[in-house]
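First up is the structure itself, then whatever we jot down about it.
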Amino acid sequence: MTRNAGDLTALSQGPNPAEDLEDLALGDDYALNPAYIDMVVDAADRGDADRLRELIDALRPADVADLMGFLSAEYRYELLAFIAPEALAEILSELDYHIREDVLEQVTPAALVRALEELDSDDAADLVEDLEDDKRDEVLAAMSEADRTSIQTSLAYGEESAGRLMQREVMAAPQFWTVGQTIDHIRNSADDLPDLFFDIYVVDPSYKPLGAVPVSVLLKSNRDTPLELIMEPVTEITVEMDQEEVAYIFDKYHLISAPVTDPGGRLAGQITVDDIVGVIQEESQEDILALAGVTETGRDATVLDVTKSRFWWLLINLGTAVLASSVISLFSGAISRLVALAVLMPIVASMGGNAGTQTLTVAVRALATKELSSVNMLRTIWREIAVGLLNGGAFALCVGAVVTFWFHDPLLGLVIGMAMVINLLAASLAGILVPLSLERLGYDPAVSSTVFVTTVTDVVGFFSFLGLAVLILL
């Protein structure tokens, strides 16, 4: 049953044992209901601790993290007092990066230590990394030696490497164990195993992975069956591998989990699909923001923060705009003699920019998913040339006819049609060649390509249109 905002406001006045707060909190799309957020704020303003605790306890950790993202810092700090350490651990790992930094400053070292004990090593290391140096040292010093060593080892790996992404807790068994021995070990050593695992890694005496037995296969096999008879091949991930490469491997081979090995080939940990979902989302967001020339600033970002994050990219674009304007200035005499050129030249540049963005977006995605490589590079380039010529020809006919009818000048229609073909061809080539070249040079094509493609389409568009106008019309 759907409740409206008035119903929720009425419910905020006091607890009702019959109400299902979780159903009230979330809409059909699992997003927090704005009226529920108002209920939390109202309870905080009234100082109603019991109601506030009830409202928070009704939410799952991910929903509490979402709630904190919508609240001001003052209300977030008030909520912290009602969150148990075991729940705080999951909530912290779900918070947006910028909000988590702020929240971590308010949590006491003792509470953080208790929270970190509830997390797997990868999530614990991720949180510890966000702490200020003094607080990090204090938290690590208060942890057990085993937990402290585990976190420090994880932090020693590169920030976006498999070693940083992996959790060190794994379920490993020697190849001579039977199914029964493995199941008994899992039951007797539950505290030392990951909270969630999908495979039992079969290792040799030097702790190198030989294969894996899915938990489902283990449970369906006879107790006296040796693991080596039912194990399956594994796709090993090295600790140095970039997380984007790891995500590609998981996607390509449809993995649920994979063992991570150290430089000596020994089992160092595992990566599970829930970690990869986060990586894929993170990489996709980075690429989308990079194509627009912005960075993630978070929901709590100030006007100054957002302004600074966008300023330098806009400054670069100003430089390219000046370059395009300098091309126009070369033909100022022609423009003054034929005003129609000033009216029409933005059309050519705009169409080229849009066509270039289309090609660029497809190319960046293909590079990210490894669908574009040296094997099919030439074929892809020729395809884009053909697309540019066909689209250019089609729009040349359309625009040429419109301009001829508009200005009663067939030659002007011919000029803009020819310029359209040239610029759409240039846009298609720039959209594919620029990201390819940047990747070859070791730069991220998602970050750097847009400004170059836009510059090409503006300069070529203006130069071709105005240059042809001078040759044919004047």
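Taken together, the values in this text are just the output of simple stated rules run on the coordinates, not laboratory data. If you're wondering where the values come from, they're calculated on a predicted model, not measured in any experiment. Here the Cβ positions follow ideal geometry from the backbone for every residue, glycine too, while neighbour counts run over all protein chains shown.
What the table below lists for this structure:
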item: Spin-label model distance (nm) - Arg46 vs Ser350, 7 Å beyond Cα toward Cβ; result: 5.5 nm
item: Computed E for Trp312/Phe176 - FRET, C-beta separation, R0 60 angstrom, nearest 0.05; result: 0.50
item: Given charges at Cβ of Lys, Arg, Asp, Glu: the chain dipole, positive-most of Val343, Val246, Leu80; result: Val343
item: Which labelled figure in (i) 132; (ii) 227; (iii) 166 is volume of the Cα convex hull per residue in Å³, once derived from the coordinates; result: (ii)
item: Sparse-neighbour loop sites [trypsin sites (Lys or Arg not before Pro); segment 354-462; at most 12 other C-beta within 10 Å; DSSP]; result: Lys370
item: Contact order relative to length of the chain, as percent, for alpha carbon pairs under 8 angstrom and 6 or more apart; result: 10 percent
item: Check: segment 303-472 dipole with +1 on Lys, Arg Cβ and -1 on Asp, Glu Cβ, in debye; result: 140 debye
item: Cβ-placed point charges (K, R +1; D, E -1), dipole of segment 26-173 about Cα centre in debye, nearest 20; result: 280 debye
item: Rounded to the nearest 20 debye, dipole of segment 31-102 from Cβ charges on Lys, Arg, Asp, Glu; result: 40 debye
item: Distance between segment 129-188 and segment 50-78 - C-alpha centres, whole angstrom; result: 29 Å
item: Helical contribution to [θ] at 222 nm, DSSP H n ≥ 4, -39,500 (n - 2.57), averaged over the chain, rounded to 500; result: -21000 deg cm²/dmol
item: Length released on extending from Glu244 to Ser329, taking residue separation times 0.36 nm less the Cα-Cα span; result: 26.1 nm
item: Selection of chymotrypsin sites (Phe, Trp or Tyr not before Pro), segment 416-474, meeting DSSP coil and at most 13 other Cβ within 10 Å; result: Tyr443
item: Selected from Pro194, Leu389, Phe407, residue furthest toward positive end of dipole (the chain; charges at beta carbon); result: Phe407
item: Cα gyration tensor category, rounded, prolate or oblate, for segment 303-472 with a/c compared to 1.5; result: oblate
item: Label point distance in nm, Ser189-Asp137, each placed 7 Å from Cα along Cα→Cβ; result: 3.6 nm
item: Rounded if a/c under 1.5, otherwise prolate or oblate - segment 17-72, Cα gyration tensor axes; result: oblate
